[in-house]
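Below: one structure, written as structure tokens.
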């Protein structure tokens, strides 16, 4: 019996490299809408400082979030948000789980 447990302990363990969530996952739905908090900002075609300006957004506008990506800048990472109109830094938006909550938040911005 000790030999059986000894062999079981020596088996190869498979590590989990990534987790793929289904499209309707609650985690994916947490931040589906973005409210622009900057007065006027450029949206880029790719995340990061090297992206080309493809659109502009104004304070209180609401966009659907289509993705996020971390971009390395010097020794730090910066989160970029992909909106229906282009990419911008996470610090330029507030994220909400529904259009209704985003609209309420946008109306409260001065």
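Only the coordinates and a few stated rules stand behind these numbers; no lab work does. On a predicted model such as this, the values are computed, not experimentally measured, just so you know. Heads up, the Cβs are rebuilt from the backbone with ideal geometry, glycines too, and the neighbour counts pull from every protein chain shown.
Along each principal axis of its Cα atoms, how long is segment 28-108 end to end? Whole angstroms, biggest number first, please.
36, 25, 18
What order do you get for 81-93, 36-48 when each peptide is scored by the mean count of other beta carbon atoms within 10 Å, highest first?
Values: 81-93: 18.8, 36-48: 16.1.
My ranking of the peptides, most packed first, is 81-93, 36-48.
Using 0.36 nm times the number of residues separating residue 32 and residue 84, minus their current alpha carbon distance, what extension gain do you get?
Details: separation 52, 0.36 × 52 = 18.72 nm, distance 1.10 nm.
17.6 nm is the gain from fully extending residue 32 to residue 84.
Tell me, what is the FRET efficiency for residue 103 and residue 55 to the nearest 0.05, using R0 = 22 angstrom and their Cβ-Cβ distance as r? Please list the in-between numbers first.
Details: r = 21 Å, r/R0 = 0.93.
E between residue 103 and residue 55, to the nearest 0.05, is 0.60.
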